[in-house]
Amino acid sequence: MTLDEAQGYVLLSTLALPLVTAGVLVLIPGTARLAIRWLSLIVGAVLLGLSVYIFVAYQAEGDIFQMRHRWAWVENVSFLEENGISLYLGVDGISSLMALLTGVVGFAAVLVSWKLDYRPKDFFILFWVLIAGVYGTFFSLDLFFFFFFYELAVVPLYLLIGVWGSTRKEYGAMKLTMMLVGGSVLMWIGIFAVVSEAGLGTFSLPDLWQAGEEGVLGTNFQYIFFPFFAVGCGVLAGLWPFHTWSPDGHMSAPTAVSMVHAGVLMKLGAFGIIRLGIQLMPEGAEFWMPALVVLGTIGAVYGAVGALTQRDFKLISGYSSVSHMGYVLLGLGTLSAIGLTGASLQMFSHGVMTALVFLLIGALYDQAHTRDLKDFSGIAKVMPLWVVAYVIAGLANVGLPGLSGFTAEFHIFVAAFQTYPVFGAFAILAAALAAGYMLRMFAIVFFGPLNPRWQDLRDMNPLEMMGALLLIASIVIMGVWWSLFTDRLAETVLNLPGVS
Amino acid sequence: MRDYTLFIPEYWAAGAAVLIIAADILWPNMRRQLLAYLTAGAAVVYGGIALFYIQSDPESFMGLIQVDDFTTFFRVLGAGIIAVTAILSANHMQHRAGVLGEYYGLLLVAGIGLTFMAGARELLTAYIALEVLSFSLYILVGYMRRDVFSAEASLKYVLLGGFASAILLYGISIIYGVSGSTFYDAIAVGLADRGGDADIATIIGLMLVIGGVGFKVSAAPFHMWAPDAYQGAPLPITAFLSTASKAAGFALILRLFTASFVDDAEFWRWAIAGVAVLTMAVGNLVALQQTDLKRLVAYSSIGQVGYMLVVIAALGYGGREVGEQASSALLLHMVGYVISTLALFTALTAYYDRTGKDSSIRGIRGMAETQPYLALIITAALFSFAGLPFFAGFATKLFMFQASAEPELLWVIGVAIVASFVSLYYYLMVIRQMYLFEPEGGVQRFRLPPLVWVIATVLLLGILFIGIYPAPVFEIADSAVQPLFEVGADISP
């Protein structure tokens, strides 16, 4: 067994651990709350460790795909041939970064869920299934399992939001589920078309990528079916105009779910556009990318304007997510090495930053039971640490140098100006608007005279503090140590088909 | 050749049926649940004996009925369905009908009908087998005579079923007129040799046959009976209807169409594709508006039939090779569908037996509180129907559509994928009732009877097994369809 294959077991364990945990939780009685919480906490920490390992062990100088391992699943039956469907795991620079993001955000989300009181057992079962789906999608080098885990990550959201959510939770949950599954219907049609057009009798992605590059998937075919993947995954990535589930869904979702959802799940969509769009259909991507640039820019500006007008904390963050995912799509749309690097960095940056924001909103809402900006004033006096953390998140959001947002957006703007200068200008406008909505919120909520109603607010509890520190550390590290991230992305991004 | 040993499983089943009916007459004071367990045991033995015929060379009884892996597959599937149905009936039917011997006896007889539908290689034999199944079901659907809905359901089913049988018989006679034979292989030869002026008659004959069997599997527009029959029938019989009668229908269609009609595909494939689309659309769209759970399941199962018909259309458009790939995927999907449906009905029966609620969707409110395990089973079954990962339907539906990929059918498969998206909405509406609301009507948390718990767990594991590791069942399904497509293996009378 080579090192590569041996490391494949690390990926398998990372994928299997949350599933096994969910299975174990099913067997633990719901009354053993402490056991449930401790188990989840430990698993979260172990997963964080595994994720860090995957990220660090990924060799910037080595093969594009590392830690590859294939386990046969179904083959040589009916239309499937050798290696028809296999659990084929592996990471490249992008997915190793995404694994790290999942570990960080997942652990922070477990930390804040400690205090969840209503049916914690069921919550954690669904939560771990969701996390397994996320890891699985990032690791899969097989189209069937990519789709399998992608769906697996989406489905638990309905119950997670519907049962544990707040504000109009049923509406938010149903809207989110139907829109996201609607997106995966498009993906399914695309998958169906790709597999039958390639006619290889296999779902193995490397084989299909080769088919896409060598023209087995014809030019016209790629033109027709690229949008199925781009829009299908784009729904989850908050692609304008299919983003409308995002503010509602985030508003309704419980804290941990908002964190994971905005922090990690939306990245699945952008990741899907890379894997199934750019890598599978290079010609289709080249043809359609200008459209993605336009929609991404509209999303960036629209989300920022939306955030400016909202009064609910979570709605502001929801719209801000749409805006930031617009940058990601813009970066992808440039189809340049810098742009794709920027998009990948932005996925990570937005992930940790938005998770931090939702963590903080949750900490406030649990005490205040309101999320209306206008209800608050001067809370810097009672929750100083909370405010500091929020300001860091906010400034990363705006793109202050030294924090992760700058690293990512810098790349995206450079790439945009090289390829589509006009849209680059609009994107910078969106960044300016971000400063507007963030500073507006700071001014209203944090400063000014303290409203006596909030006299008794307590600062973050230690667990929330731990989660916040973890996320802040990620933000700062990416802000100051660029090469740690860009080195790992460089080879991967340069070898994507059609990237200049 | 008259090889009477081919039907030892059926001798056993028929004998057991007679004995069970006799036992109820001879010992009327016997514990009534005992009959159910005897039936379940007899069904398990039936399936067990059938296993001895695995991978033997296909042999036929005078060319009428062939026993091969395909027949064995449906024998075992049918036996499983009967066993579960009988156990579900144990509590459910205890106080709902006066005499129960016939009820259980007819279940076994229906199983024989199912097997012979799968094994028949001659049209009249197939027809008689189909009537054996149908007549058993007419009686079973109306078994709760004092219940108005049950009586109505039975009457509707008998009248429409008789009409459909007549149509089928008319179709058979026209096919016979054109081809000069009722044996499947000879029909293929006869149809190939027909003169050009017989095309119209062939088409009419084919359409009538499609209409007749379409009724049995409740394909639109021949589905009208299904919602009423599902609603009125005793719950276990609803489960039996939506599994056994569909499995048998598709077994018959597969064998008949691959043996006799595949070379004349251009005459019927468009009709099957049309029926498939219509069935998917009607089933899933009408299900959206249902407020009664049984009717919802009825329409949802109509939608499922639409998906399965895509495979038959693929046989028509892609010929034998594609047909073979798609058929094995269909059999896999059928197993997943049957297990999911039985799991759903196991949970529903246990819940209604305990709470005495009616079958409106509101009736299951708050089940996650009162009986979380049953709520989990129902969720798993519905997610399997909708095709979500980890549950059987995800992989099987994907395989089935992928295997059916023919250029002319792409739009049909597109409709199928969209239809299964629509179905998720109404499944979620059911799941929502269980998880997002508090229980109504003072239902307390309750424990399950051990046997029900065991059955439910086995079925749940089945759903998960096919969802997580379908390879073994897929390979079994693949070898089961081989006899249908092997050239030269046909045994003429």
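The values are calculated or read from the model by the stated rules, or taken from the named source; none is laboratory data. Worth saying up front: this structure is predicted, and the values here are computed from it rather than measured. Heads up, the Cβs are rebuilt from the backbone with ideal geometry, glycines too, and the neighbour counts pull from every protein chain shown. These area figures cover heavy atoms from the full protein model, side chains too; ligands, DNA and RNA do not enter into them. Shrake-Rupley method; radii C 1.70, N 1.55, O 1.52, S 1.80 Å.
Table for the structure above
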read-out: Amide H within-cut-off set for A:MET460, under 5 Å, with H built and near neighbours excluded; value: A:TRP386
read-out: Where labels lie 7 Å past Cα in the beta-carbon direction, separation of A:ASP63 and A:ALA35 in nm; value: 4.3 nm
read-out: Nearest-ten-degree value, helix B:8-26 long axis tilted from longest Cα axis of chain B; value: 40 degrees
read-out: Vicinal HN-Hα couplings computed from phi for the stretch B:357-368 (Karplus, 6.51 cos²θ - 1.76 cosθ + 1.60; Hz; Gly/Pro x); value: 6, 7, 8, 5, 5, 5, x, 9, 3, x, 4, 4
read-out: Under 10 Å, Cβ to Cβ, from A:PRO497 - net charge with Lys/Arg +1 and Asp/Glu -1; value: -3
read-out: Spacing of the two label points (7 Å from each Cα toward its C-beta) at B:ASP193 and A:THR309, in nm; value: 7.9 nm
read-out: When each of B:LYS294/B:LYS397; A:LYS314/B:LYS397; A:LYS267/A:LYS374; B:LYS246/B:LYS294; A:LYS175/A:LYS381 is checked by Cα-Cα distance, pairs over 28 Å; value: A:LYS314/B:LYS397; A:LYS267/A:LYS374; A:LYS175/A:LYS381
read-out: Angle between chain A longest axis and helix A:384-398 axis [Cα atoms, degrees, rounded to 10]; value: 40 degrees
read-out: Percent RCO, i.e. relative contact order, over the stretch A:1-111, from Cα pairs under 8 Å lying at least 6 residues apart; value: 34 percent
read-out: Residues in the stretch B:114-143 that a label on B:ALA151 would reach, taking backbone N under 13 Å of a point 7 Å out along Cα→Cβ; value: B:142-143
read-out: A:GLU151, A:GLU61, A:GLU170, ranked by accessible area, largest first (probe 1.4 Å); value: A:GLU61, A:GLU170, A:GLU151
read-out: Label-reachable residues, the stretch A:208-224, where backbone N falls under 16 Å from a point 7 Å from A:GLU82's Cα toward its Cβ; value: A:208
read-out: Backbone HN-Hα couplings from phi across the stretch B:434-445 [Karplus 6.51/-1.76/1.60, Hz, Gly and Pro as x]; value: 6, 9, 9, 10, 7, x, 10, x, x, 7, 9, 4
read-out: Residues whose placed amide H lies under 5 Å from that of B:MET62, excluding near-sequence neighbours; value: B:ASP3
read-out: 3J(HN,Hα) from dihedral phi, the stretch B:460-472, Karplus parametrisation 6.51/-1.76/1.60, rounded to Hz, x for glycine, proline; value: 4, 5, x, 4, 5, 4, 5, x, 9, 9, x, 3, x
read-out: Label-reachable residues, the stretch B:88-126, where backbone N falls under 19 Å from a point 7 Å from B:PHE52's Cα toward its Cβ; value: B:112, B:115-116
read-out: Environment charge at B:ALA166 (Cβ cut-off 14 Å; Lys +1, Arg +1, Asp -1, Glu -1); value: 0
read-out: Solvent-accessible area of B:LYS357 with every protein chain in place, 1.4 Å probe, in Å² to the nearest 10; value: 50 Å²
read-out: Residue-averaged [θ]222 nm for the protein assembly as shown, counting only DSSP H segments that reach four residues, each worth -39500 (n - 2.57); value: -24500 deg cm²/dmol
read-out: Mean separation of Cα contacts under 8 Å, 6 or more apart, over the residue count of the stretch B:4-485: relative contact order %; value: 15 percent
read-out: Modelled FRET efficiency - R0 51 Å, B:LEU124 with B:TYR425, Cβ distances, 0.05 increments; value: 0.70
read-out: FRET efficiency for B:TYR469 and B:LEU410, using Cβ-Cβ distance with R0 set to 25 Å, rounded to 0.05; value: 0.25
read-out: Anisotropy class of the stretch A:136-196 from Cα gyration tensor, a/c 1.5 cut; value: oblate
read-out: Helix A:404-419 axis, angle to chain A major axis (alpha carbon atoms, nearest 10°); value: 50 degrees
read-out: Probe 1.4 Å - accessible area at B:ILE128, Å² to nearest ten; value: 100 Å²
read-out: Chains B and A, summed buried accessible surface - 1.4 Å probe, Å², nearest 100; value: 3500 Å²
read-out: FRET efficiency, 1/(1 + (r/R0)^6) with R0 45 Å, evaluated for A:GLU213 and B:LEU288 via beta carbons; value: 0.55
read-out: Cα gyration tensor, the protein assembly as shown - rounded (a/c under 1.5), prolate or oblate; value: prolate
read-out: Interface residues, the stretch A:51-91 - accessible area loss of 50 Å² or more versus chain alone, probe 1.4 Å; value: A:TRP73, A:VAL77, A:SER78, A:PHE79
read-out: Order of exposure, largest accessible area first, which applies to A:ARG33, B:ARG432, B:ARG121 with probe 1.4 Å; value: A:ARG33, B:ARG432, B:ARG121
read-out: Relative contact order %, chain A, counting alpha carbon pairs below 8 Å whose residues are six or more apart; value: 16 percent
read-out: Around B:PHE135: net Lys/Arg minus Asp/Glu count, Cβ-Cβ under 13 Å; value: -1
